[in-house]
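Here is the structure we will look at, set down as structure tokens.
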Amino acid sequence: MANELLQDKGLQFAVRCVNLMKILNERHEFIISKQMMRSGTSIGANISESQSAQSDMDYISKLSISLKEANETKYWFDLLYRTDYIQENEYDSMCKDVKELIAMLTTLIKNKKKKLGIV
């Protein structure tokens, strides 16, 4: 159940990143948005890959990559906001979603490691 919810949230977030990139391109921002798009869509892709993991360690690895990509995406949102490419309401909304993904990924990774006796 948690994995399905996470997978759905990852896909929804990727859609939001694609739509934000469209808006940013209309605002003539093409560089940072590309970076945000790559890392933002990679989150859901790696979550999806984790569902077919070959082992528990592979599962942890895929989710850890998603977590790293989520943190990178948060960085790009910070940069877009501080350079006035996105407004505060856009920033707050996207950051809320990415922080939720970060929290979910962190919890799943910690729980799986705990279950395996890895700390």
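The values are calculated or read from the model by the stated rules, or taken from the named source; none is laboratory data. Being a predicted model, the structure only gives us computed values, none of them experimental. Neighbour counts run over all protein chains shown; Cβ positions are idealised from the backbone, glycine included.
Would you mind finding the one in Met104, Met21 that is in a helix (DSSP H, G or I), touching a Lys or Arg at 6+ places or on another chain (Cβ under 8 Å), without any contact (Cβ under 8 Å) to a residue 24 or more places away in the chain and not charged (D, E, K, R)?
Values: Met104 fails: without any contact (Cβ under 8 Å) to a residue 24 or more places away in the chain.
Unique residue meeting the criteria: Met21.
What number of residues in the range 80-101 are assigned to a helix (DSSP H, G or I) and either of a type in the set (Phe, Trp, Tyr) or on the phi > 0 side of the Ramachandran plot (or both)?
Selection size over the range 80-101: 2.
Within the range 24-49, track down each residue that is under 15 Å from the mean Cα position of the chain (by Cα) and either within 17 Å of Leu79 (Cα to Cα) or in contact (Cβ under 8 Å) with a residue 40 or more places away in the chain (or both). I'd like the intermediate steps shown before the answer.
Going residue by residue through the range 24-49, those that are under 15 Å from the mean Cα position of the chain (by Cα) are 33-49.
If the condition is that a residue be under 15 Å from the mean Cα position of the chain (by Cα) and either within 17 Å of Leu79 (Cα to Cα) or in contact (Cβ under 8 Å) with a residue 40 or more places away in the chain (or both), then Ser33, Lys34, Gln35, Met36, Met37, Arg38, Ser39, Gly40, Ile43, Ile47, Ser48 are the ones that fit.
In the set Tyr75, Tyr59, which member is assigned to a helix (DSSP H, G or I), modelled with pLDDT of 95 or more, more than 18 Å from Arg38 (Cα to Cα) and more than 10 Å from the chain's Cα centre (by Cα)? Walk me through it before giving the result.
Values: Tyr75 fails: more than 18 Å from Arg38 (Cα to Cα).
The conditions single out Tyr59.
Is it true that Ser42 is outside any loop (DSSP other than H, G, I, E, B) and farther than 11 Å from Leu101 by Cβ? Quick ask: steps written out before the conclusion?
Working: outside any loop (DSSP other than H, G, I, E, B): yes; farther than 11 Å from Leu101 by Cβ: yes.
Here the answer is yes, as Ser42 does meet what is asked.
Looking only at the range 72-98, which residues are loosely packed, with under 14 Cβ neighbours inside 10 Å and either of a type in the set (D, E, K, R) or farther than 21 Å from Asn19 by Cβ (or both)?
Within the range 72-98, Asp78, Arg82, Asp84, Glu88, Asp92, Lys96 meet the criteria.
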